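Below: one structure, written as structure tokens.
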Amino acid sequence: MGLYDRDYTRVDSDSRYRYAPQMRFGFPKITPVVKWLLIINIAVFLSAIIIRPLGVLVYRLFPLEPDSLNRALQLWRLVTYQFLHDTADIWHISFNMLGLFFLGPTLERHWGGRKFLIFYLGCGVAGGLFYMLLVALNFLQAGPMVGASGAILGLLAACAILFPHFVVFIFLFPVPIRVAAIGLTAVYFILVLTRADNAGGNAAHLAGIAAGAIYVFSKPWRERIQLKMRAGTWEKRVAVERNLQLEVDRILQKVHNSGIHSLTLKEKRILKKATDAEQKRYKY
């Protein structure tokens, strides 16, 4: 997979993408989280091949296996399966790592490392959960699943929405990224519906794309919810401070009228709390 930025399409791009990171033809500058994801995936793959007993152990403990209730409830497998790839199929890890290498840095620079990592792993988790759901519904047969394809296709969906000027190379043919995303979605939907070979993997691919698209499209209402929550928290804090100030004023008036010895233990605690809060406010 390759990817480049078509300069001649920028003028026609939606204004909301004007300040988005741009990618030109060539190799992208690697970013920290993408670098470590690449290192971990490749290291696990090679270690499993070179050190066979280690490979047997890792591929027994960490793939996603919904055929057993006990293993299905081992939730860490929803994350760990993403770092395992079929050791008999070099193309499996190759395509996934190429996708991560070309698509990941742009999203990491756009969102920041922490948000990017959560998004990447979240798309993979969504793929695993969807596969497990279809198995639970007896729509698909259970079997171990490995691979980062769900996460990678989540990256593809996000880039297709955020950076529509991108073009990807699929089997050496340049394809607009949105065409690639829509086309792959249709293909995976049909493969899952017909229960074709690797239907479980295709289910994870489909869910990864859906999770990536939903995350990006839901950003406006997620931000509105966050603003409302922050506003609600701020209003509660203001109300608490206002009530505290009213109580302090009453206590100080009582001290003025009857002296400090007239205060109850609760009133003394309120006065101390207000004093500590005032000192803390002016400390900074």
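The values are calculated or read from the model by the stated rules, or taken from the named source; none is laboratory data. All values derive from a computational prediction rather than experimental measurement. Glycine gets a Cβ as well: all are built from the backbone with ideal geometry, and neighbour counts include every protein chain shown.
Look at A239 and say whether it is in the same structural domain as L133 (by TED's automatic domain parsing) and either farther than 30 Å from Y188 by Cβ or in contact with a helix residue (DSSP H, G or I) (Cβ under 6 Å, 6 or more places away or on another chain) (or both).
Values: in the same structural domain as L133 (by TED's automatic domain parsing): no; either farther than 30 Å from Y188 by Cβ or in contact with a helix residue (DSSP H, G or I) (Cβ under 6 Å, 6 or more places away or on another chain) (or both): yes.
No; evaluated as a whole, the condition is false for this residue.
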Check your understanding: Mind checking which residues of the range 90-110 are crowded, with 18+ Cβ neighbours inside 10 Å, of a type outside the set (V, I, T) and closer than 18 Å to L162 by Cα?
Key -> G99, L100, F101, F102, L103, G104, P105, L107, E108
Revision key, fill the gap. Considering the range 26-60, residues that are assigned to a loop (DSSP other than H, G, I, E, B) and loosely packed, with under 13 Cβ neighbours inside 10 Å, and then whichever is modelled with the highest pLDDT, we arrive at I51
Point to revise | Single match in A157, A151 (criterion: crowded, with 19+ Cβ neighbours inside 10 Å, over 26 Å from A48 (Cα atoms), out of contact with any Pro (no Cβ under 6 Å at 6 or more places or on another chain) and modelled with pLDDT of 95 or more) | key: A157
Check your understanding: Among (1) touching a Pro at 6+ places or on another chain (Cβ under 7 Å); (2) over 22 Å from V58 (Cβ atoms), which single condition is A142 missing?
Key -> (2)
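Which helices (runs of 4 or more DSSP H) does the range 168-284 wholly contain that include 2 or more residues that are of a type in the set (S, T, Y)? Full working, then the answer.
Details: elements: 177-193, 199-217, 219-258, 265-283.
Result: 177-193, 219-258, 265-283.
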Check your understanding: What pairs can you find where one residue is in the range 198-225 and surrounded by 11 or more Cβ atoms within 10 Å (Cβ to Cβ), the other is aromatic (F, W, Y) and outside any helix (DSSP H, G or I), and their Cβ atoms are less than 9 Å apart, with a gap of 6+ or different chains?
Key -> A199/F139; A203/F139
Review point. Quick one: which of T80, T106 is among the β-branched types (V, I, T), at pLDDT 90 or above and closer than 30 Å to V135 by Cα?
Key: T80
Review point. When both residues are 6+ apart or on different chains and their Cβ atoms are under 6 Å apart, which pairs have a first residue that lies in the range 98-115 and is among the acidic types (D, E), and a second that is part of a helix (DSSP H, G or I)?
Key: E108/V33; E108/V34; E108/F116
Study note, to complete from the structure: Picked from the range 133-155 (must be part of a helix (DSSP H, G or I) and more than 13 Å from the chain's Cα centre (by Cα)), the residue farthest from G208 (Cα to Cα) is A136
